[in-house]
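Below is one structure, written out as structure tokens, with a few remarks after it.
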Amino acid sequence: MSLPALPVATPVVLLYCIAIASVLIYLPFLLVAYGRLKIGPQALQTPRAMVDKLPGFAQRANWAHQNAFETFTIFATAALMAYVTGVQSPTAAWAAIAFVSARVLYPVFYIANIPLARSLMFGIGSFSTATLFILSLMHITL
């Protein structure tokens, strides 16, 4: 069983997903900023040291923000490999979309403190990234 083709070319999907994923990095930080406002001006003096003083939701948002950087670098590498090697597979396009979808939900579950759902989103994102790497390596002609 193969995945249905999208009405947009795979390389376009890959590039858009990279762009969207880069924006998603910063969405959890909005709650971190709100948490900092609740602490007061001293949070601006030592922003990295104040994480322990943040409310729980803002701490989790900070951790989701940090995790987004970590996963984005690997995903962007995998998506760019697929792009450069000329992968035209619907599987690659759906893998990129699955990554972005999981990364939309990941911080929601993290901030809401639902660890099982958060871990599931992390797993989907990791599997999607691995799929892109594998498809890229299979597509290379030596």
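The values are calculated or read from the model by the stated rules, or taken from the named source; none is laboratory data. All values reported here derive from a predicted model rather than from experimental measurement. In this analysis, Cβ positions are derived from the backbone assuming ideal geometry, glycine residues included, and neighbour counts consider all displayed protein chains. Each accessible area value is taken on the protein alone, full model and side chains, heavy atoms only, with ligands, DNA and RNA left out. Shrake-Rupley method; radii C 1.70, N 1.55, O 1.52, S 1.80 Å.
V87 falls short on exactly one of the conditions (1) in a helix (DSSP H, G or I); (2) touching a helix residue (DSSP H, G or I) at 6+ places or on another chain (Cβ under 6 Å); (3) hydrophobic (A, V, I, L, M, F, W, C); (4) within 22 Å of G125 (Cα to Cα), and that condition is (1).
Looking only at the stretch 42-51, decide whether some residue is among the β-branched types (V, I, T) and not in a helix (DSSP H, G or I). Yes - at least one qualifying residue is present in the stretch 42-51. Restricting attention to the stretch 50-62, does a residue exist that is more than 18 Å from A130 (Cβ to Cβ) and among the aromatic types (F, W, Y)? Looking for residues that are more than 18 Å from A130 (Cβ to Cβ) and among the aromatic types (F, W, Y), one finds at least one in the stretch 50-62, hence yes. Just one residue in the set F133, F99 is without any contact (Cβ under 8 Å) to a residue 60 or more places away in the chain, in contact with a helix residue (DSSP H, G or I) (Cβ under 7 Å, 6 or more places away or on another chain) and either over 20 Å from Y26 (Cβ atoms) or surrounded by 15 or more Cβ atoms within 10 Å (Cβ to Cβ) (or both); that residue is F133. Candidates in the stretch 68-87 are the residues that are among the aromatic types (F, W, Y) and within 12 Å of the chain's Cα centre (by Cα); of these, the one that is least open to solvent (accessible area, probe 1.4 Å) is F75. Beta carbons closer than 7 Å, at least 6 apart along the sequence or on distinct chains, pair a first residue in the stretch 67-88 that is among the small types (G, A, S) with a second that is outside any helix (DSSP H, G or I) for A68/I25. Among the residues of the stretch 102-130, those that are part of a helix (DSSP H, G or I), in contact (Cβ under 8 Å) with a residue 40 or more places away in the chain and over 25 Å from P7 (Cβ atoms) comprise Y106, P107, Y110, I111, F122, S126, A130.
A residue that is modelled with pLDDT of 90 or more, assigned to a helix (DSSP H, G or I) and surrounded by fewer than 16 Cβ atoms within 10 Å (Cβ to Cβ) can be found somewhere in the stretch 21-29.
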